[in-house]
Amino acid sequence: MPWRLLRFALSDKHPEPRMFTRHDQLKPAYDVVIIGGGGHGLAAAYYLARDHGITNVCVLEKGYLGGGNTGRNTTIIRSNYLTPEGVKFYDESVRLWQDLSTDFDLNLFYSNRGHFTLAHTDAALRTSRWRAEVNKHFGIESEVVGPEVVKKAAPMIDLSCGGHAPILGALYHAPGAVARHDAVAWGYGRGADMRGVEIHQRTEVLGIDVAGGKVTGVQTNRGRIATNKVLCAVAGSTPRLLDMVGIRSPITIHPLQAMVSEPVKPWLDPILVSGSLHVYISQSARGELIMGASLDPYEVQSTRSTLDFPEGLSAHMLDMFPFLSNVKVMRQWAGMADMTPDFAPIMGRTPVEGFYLDGGWGTWGFKATPVCGKTMSYTVANDRNHELITGFTLDRFRNFELTGEKGAASVGH
Amino acid sequence: MKIMTCPVNGPRAISEFSYGGEIRTMPDPATCSDDAWADYIFNRNGSPGVKCEWWCHTPSNTWFVAERDTARDVILRTYLYTVAS
Ligand SMILES: Cc1cc2nc3c(=O)[nH]c(=O)nc-3n(C[C@H](O)[C@H](O)[C@H](O)COP(=O)(O)OP(=O)(O)OC[C@H]3O[C@@H](n4cnc5c(N)ncnc54)[C@H](O)[C@@H]3O)c2cc1C
């Protein structure tokens, strides 16, 4: 047993510091209040303190850190999107991921696997070519490959998919990766905490005070806080928070479900996504198969899961990997995905002065955690939208200027 | 399995139905402002609550109205649409 662990077990004073400082009281005022202690809120807090020297900041989380979509997601990281705005943004995020473990002094288990988007139809192959061309234009590794390359990377696959959806090719994205989601929230949280940011768990925002079109404070279950700047990063609760400040948005909430199998020997290195079969799969460091599908078909604002989901997903999994028929499903769960009509997020300043939004992240926002923290902290500190997010502002809908990412964001996450 | 009651065909599995979104009133495109039109086509009421929604029983192509609590995912009532006079 390592000496550190033994010392910890024998001591009653717990010589290891806790991950975060506990603050018993809320202060009456902060320079910035961040609502939502998921990866996005914590990353923004971290960069506000580290890059902009703003440390009189609190993060309010109604449950526990990372208990929202951050801790429920299937952790696929990639940048092979479809629009130039999207590709540049996600590429910056992938770059930031590279040295986060060193930044935090915490192992994020960032694991570069390669990512295949399988094409079973001519239409899907065409979209793959389109994406590959846009991606290459921006210097991102992305190419269309034939079925034999897929077979080589995942030898257990049935290329005919049970005979009814033969794989014609795939979009291959070498930088595709997975990482440990909780560690991302903890790493950002600890880094922010060390720089003076206060993290308050079990603190729910119940109302936002606006006077003369400007934010003046926040009402919580533990009392009122005065502030002129609020960053809202609450994923599946975004419409509820927007109601508090009277902003209308196109966001609707649909559950997104996922499941894991029992751990099995390592046999799958890359991440595989099939748009036609509506499934994706990767194998975790522990050997579990992490599997997901498309959104639930209708609006629900809760994290309930259904039996239809593992049934449907398993059937498609067996089309691709018939040998999995004896593998057991261990757990299933759901998160609340905040969906937008164009599958791009909604970020930046809003019609209410001092109210900044980082939402509409739907099924694809984990990979963007670092770049969202960077760009939103800049936006909050300077009261000016960061140049990387100008394609994602709320007024794009009013101006009929959508940022159509559906071809690259649905199912693929 | 979740069951929904089609006003014409009775209780059926939810997989036989497709969702058409909350019932909303269309402004007159010829006279409304661009802002009002954008609000109508894009913006939605995304907060939880009891909502009146369009649903369709796909095998029989029957469109009807369902009142559903979207926080608990409980269907309270289903009925055929009638134009209010
Ligand atoms: C099953 C599933 C799979 C996914 N897979 C992927 C993937 O492979 N790759 C990818 O990039 N993305 C994926 N996503 C999307 C990704 O998880 C999210 O976009 C991202 O994690 C959002 O992070 P966040 O910090 O904004 O939100 P969250 O982590 O949800 O954090 C928001 C927090 O706000 C808190 N909150 C809400 N209301 C209040 C309030 N009133 N007061 C105080 N706190 C409040 C919540 O408790 C929550 O902790 C997936 C999502 C799901 C559900």
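Observations on the structure shown:
- Computed [θ] at 222 nm, deg cm²/dmol, chain A (DSSP H ≥ 4; -39,500 (n - 2.57); rounded to nearest 500): -8500 deg cm²/dmol
- For region A:328-413, the alpha-carbon coordinates run over 51, 28, 20 Å along the three principal axes, in decreasing order.
- Computed over the protein assembly as shown, the range of Cα coordinates on each principal axis works out to 68, 62, 49 Å, biggest value leading.
- Spin-label model distance (nm) - A:D99 vs A:N326, 7 Å beyond Cα toward Cβ: 4.9
- Candidate cross-link partners of A:K265 among the lysines, defined by an alpha-carbon separation under 27 Å and a same-chain spacing of 8 or more, comprise A:K151, A:K152, A:K328, A:K367.
- Label point distance in nm, A:L295-A:W333, each placed 7 Å from Cα along Cα→Cβ: 2.1
- Other residues with beta-carbon under 11 Å from the beta-carbon of B:C52 carry, at +1 per Lys or Arg and -1 per Asp or Glu, a net charge of +1.
- Charge context of A:D31, other residues only, Cβ under 14 angstrom, K/R +1, D/E -1: +1
- For region A:1-55, trypsin sites (Lys or Arg not before Pro) are listed when DSSP marks them as loop and at most 12 other Cβ atoms sit within 10 Å of their Cβ; the list is A:K13, A:R18, A:R22.
- Computed over Cα pairs, the Kirkwood radius of region B:3-79 leads via Stokes-Einstein (1.306 mPa s, 10 °C) to a diffusion coefficient of 115 µm² per second.
- Computed over Cα pairs, the Kirkwood radius of region A:27-165 leads via Stokes-Einstein (0.890 mPa s, 25 °C) to a diffusion coefficient of 133 µm² per second.
- A straight Cα-to-Cα reach below 23 Å connects A:K214 with the lysines A:K27, A:K229, residues fewer than 8 places away in its own chain not being considered.
- Ranked by how many other Cβ atoms sit within 10 Å of their own Cβ, fewest first, the residues A:S294, A:S142, A:S282 fall in the order A:S294, A:S282, A:S142.
- Relative contact order %, chain A, counting alpha carbon pairs below 8 Å whose residues are six or more apart: 23
- Helix A:122-137 axis versus longest C-alpha principal axis of chain A: approximately 50°, rounded to the nearest ten.
- Computed [θ] at 222 nm, helices only, for chain B once each DSSP H run of length n ≥ 4 contributes -39500 (n - 2.57): -3000 deg cm²/dmol
- Length-normalised contact order for region B:3-79 - Cα pairs under 8 Å, 6+ apart - percent: 30
- Neighbourhood charge, 9 Å Cβ-Cβ cut-off, centred on A:E204 and excluding it, Lys, Arg +1 and Asp, Glu -1: +2
Bear in mind these aren't lab numbers, they're just calculated from the coordinates by the rules spelled out. What you see is a predicted model, and the numbers here were worked out from it, not measured in a lab. Backbone-built Cβ (ideal geometry, glycine too); neighbour counts: all protein chains shown.
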